[in-house]
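Below: one structure, written as structure tokens.
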Amino acid sequence: MKRVDLVYETLREWERSGKRWVSAEELASVLGLDRANVSRDLNRLWREGKVQKQTGRPVRFALACGSTAETRLDRIAKQQPSLAAAVEQGKAAVLYPPKGLPMLIVGETGTGKSMFAELLHEFAVAVGRFPRSAPFVTFNCADYANNPQLLLGQLFGIRKGAYTGANEQKGLIEKADGGVLFLDEVHRLPAEGQEMLFTFIDRGVYRRLGETDVERTANVLLICATTEDPESNLLKTFRRRIPMHILLPPLEKRTLDERCRLVMQFFQEEAVRLGKEICVSANAIRAFLFYACPNNVGQLKADIQLVCAKAYADYVTGKKQAVSVHRADLPLQVQTGLLLEKKHPRSASYSLPHRWYAFSPHGGEADVGGGPVESESVYGAIERKYGELKERGIAGDELDLLLEMDIKHYFSQYMKGVDRRIRNRRDLEKMVTPDVLALTEAMVVYVEKKLGRRLAKKVTYALALHIQTAINRLRAGTIVSHPKLNEVRAAYKHEFAVALDCLHLMEEKMHIDLPIDEGGVFDDVFCAP
């Protein structure tokens, strides 16, 4: 047994016998070890959140509350080594005396910033930094970015009469007193709000909107998150108040082992939610390992949830005898992973030993999140929808089509969460290449002229994302097939002709050959509301 483990186990034994607080000298004497070495081990355990420290002379140590059980944050560090540094930074910030350090979590969309903040709160409670009743309050600054006054009122509260029709309102800082306030997309906070926030960080005081003669106090651990470069999107004075910057790497920067654990975990999570065993072929798992996943862990989780929902729909309708996922069941963009696998430097040496993997509903709770999709009710919704359709006498292809439309509608809610972040050209630039963006803008000008109407911004963004995905898919060798091509061509003759012109423009600019089916997809986009 390592010395640090011996020190920890001795603390556990002493606590069980009723002796809680102990100094390094007392512990070293009992164990027959050098006091300096024991002191070093105790401080290491304190940094890891496993023990707590009592100031004074001599300094005394005791087991942290809840430290007898490994926290989910600890398990993440083991399962996802690329997050180990982020976990250690987060722990250090939570434990920093006297009240912890404000943190800024930086990462792309879908890297799990919100979940990481929740786990830091959970860790703070587990080690006794906060009581079990400590609040965890979340707020997305983008929700009120176009109304700075309302945004500041949400954060700091509002004095009655602060503006016409204003009622007394508590702010999120007041609601988070004694716990954690998580501010997502903090770069959307206006300069005035950042200044008010760093005053609160400095002095622990704030005023409600409209107050001039009252100073309020709160004890809040502030955790912020951003998808932007903090150097260019936050005030320098605000950045200085947040010394701990924690970077969460995108999915492409994580190892194959880490991604495989995530894939296995998300399938396991769905089996638990569904309450039935889910069987997944090795080829399907390999596709999830290698396909392009621009929206990171959040998209990976949502895509796995989608295929599980479809597999369950096939089981409910009797098309399959079990809930199983084959390669052919995967969306086209996921299937491209089997082609991209050949280009991955580690693919040749990365083997999956079994042809099929069974995920039991009796497995453990999943530890890593990554997306806002709540799918606990999707399986029940499928059953209810199937029952309703059967009662109405709908069967065959019509039943399959309606059920698939229902599932797609359910999961479109996740994509709305992604689309909400694409509010302007700068946001879009992060998701598509410059040549695709230039091509899209040229297409939009042409289409608006030919169709005689303006395309909504969301249609422009959808078109750019589709073009980027189509190029990636075609270069990987996967061809799309539009199931209703003839119907689309007949119903929207003018729009389809414009779509074909766009195909030719895309072929000319991107130097690729496009099937006519892509015209049907473009036509779907142009006809969107």
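Computed quantities for the displayed model
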item	result
Candidate set from the range 31-52 (those that are at pLDDT 80 or above and not in a helix (DSSP H, G or I)); member that is most open to solvent (accessible area, probe 1.4 Å)	D34
Residue satisfying condition, being assigned to a loop (DSSP other than H, G, I, E, B) and at pLDDT 90 or above, within set A311, A302, A292, A287	A292
Selected residue (criterion: surrounded by the fewest Cβ atoms within 10 Å (Cβ to Cβ)) from residues of the range 234-280 that are aliphatic (A, V, I, L, M) and under 30 Å from E192 (Cα atoms)	L247
Count of the range 311-344 residues which are of a type outside the set (D, E), closer than 20 Å to L262 by Cα, surrounded by fewer than 20 Cβ atoms within 10 Å (Cβ to Cβ) and touching an Asp or Glu at 6+ places or on another chain (Cβ under 9 Å)	2
Only listed residue being touching a His at 6+ places or on another chain (Cβ under 7 Å) and either open to solvent by less than 20 Å² (accessible area, probe 1.4 Å) or under 19 Å from M431 (Cβ atoms) (or both), chosen from A284, A292	A284
Verdict on L197 being open to solvent by less than 50 Å² (accessible area, probe 1.4 Å) and either farther than 24 Å from T237 by Cα or in contact with a Ser or Thr (Cβ under 9 Å, 6 or more places away or on another chain) (or both)	no
Residues located in the range 71-88, provided they are under 20 Å from L251 (Cβ atoms) and either of a type outside the set (D, E, K, R) or outside any helix (DSSP H, G or I) (or both)	L73, I76, A77, Q79, Q80, P81, S82, L83, A84, A85, A86, V87
One residue from A134, A92 being assigned to a helix (DSSP H, G or I), surrounded by fewer than 22 Cβ atoms within 10 Å (Cβ to Cβ), touching a helix residue (DSSP H, G or I) at 6+ places or on another chain (Cβ under 8 Å) and at pLDDT 90 or above	A92
Residue, modelled with the highest pLDDT, within the range 137-172, restricted to residues that are open to solvent by 40 Å² or more (accessible area, probe 1.4 Å) and among the small types (G, A, S)	G161
Among residues of the range 295-310, those that are open to solvent by 10 Å² or more (accessible area, probe 1.4 Å) and touching a strand residue (DSSP E or B) at 6+ places or on another chain (Cβ under 9 Å), counted	1
Pair list, Cβ < 7 Å and 6+ apart or interchain, from the range 54-68 residues that are on the phi > 0 side of the Ramachandran plot and surrounded by 12 or more Cβ atoms within 10 Å (Cβ to Cβ) to residues that are modelled with pLDDT under 85 and hydrophobic (A, V, I, L, M, F, W, C)	G66/A126; G66/V127
Residues (under 13 Å from A287 (Cβ atoms) and aliphatic (A, V, I, L, M)) located in the range 333-363	V334, L338, L339, L340, L352
Total residues in the range 496-528, condition under 16 Å from E448 (Cβ atoms) and either modelled with pLDDT of 75 or more or not in a helix (DSSP H, G or I) (or both)	8
Tally of residues being free of Cβ contacts under 8 Å to residues at least 40 places away in the same chain and part of a loop (DSSP other than H, G, I, E, B) across the range 180-208	1
Enumeration of residues in the range 226-276 that are aromatic (F, W, Y) and either more than 30 Å from W356 (Cα to Cα) or in a loop (DSSP other than H, G, I, E, B) (or both)	F238
The range 209-225: number of residues that are assigned to a loop (DSSP other than H, G, I, E, B) and either open to solvent by 40 Å² or more (accessible area, probe 1.4 Å) or at pLDDT below 90 (or both)	7
Failed condition for R454, given (1) surrounded by 14 or more Cβ atoms within 10 Å (Cβ to Cβ); (2) part of a loop (DSSP other than H, G, I, E, B); (3) modelled with pLDDT of 75 or more	(1)
Complete set of residues in the range 249-281 that are hydroxyl-bearing (S, T, Y) and over 19 Å from P345 (Cβ atoms)	S281
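To keep it simple, each residue is scored yes or no on (1) basic (K, R); (2) outside any loop (DSSP other than H, G, I, E, B); (3) modelled with pLDDT under 55.
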| site | (1), (2), (3) |
| --- | --- |
| Y414 | no, yes, yes |
| L437 | no, yes, no |
| T440 | no, yes, no |
| K450 | yes, yes, no |
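The values are calculated or read from the model by the stated rules, or taken from the named source; none is laboratory data. For clarity, every value in this text was computed on a predicted model and none was experimentally measured. As a convention, Cβ positions derive from the backbone with ideal geometry for all residues, glycine included, and neighbour counts pool all protein chains shown. Quick note on the areas: whole protein, heavy atoms, side chains included, nothing else; ligands and nucleic acids left out. Shrake-Rupley method; radii C 1.70, N 1.55, O 1.52, S 1.80 Å.
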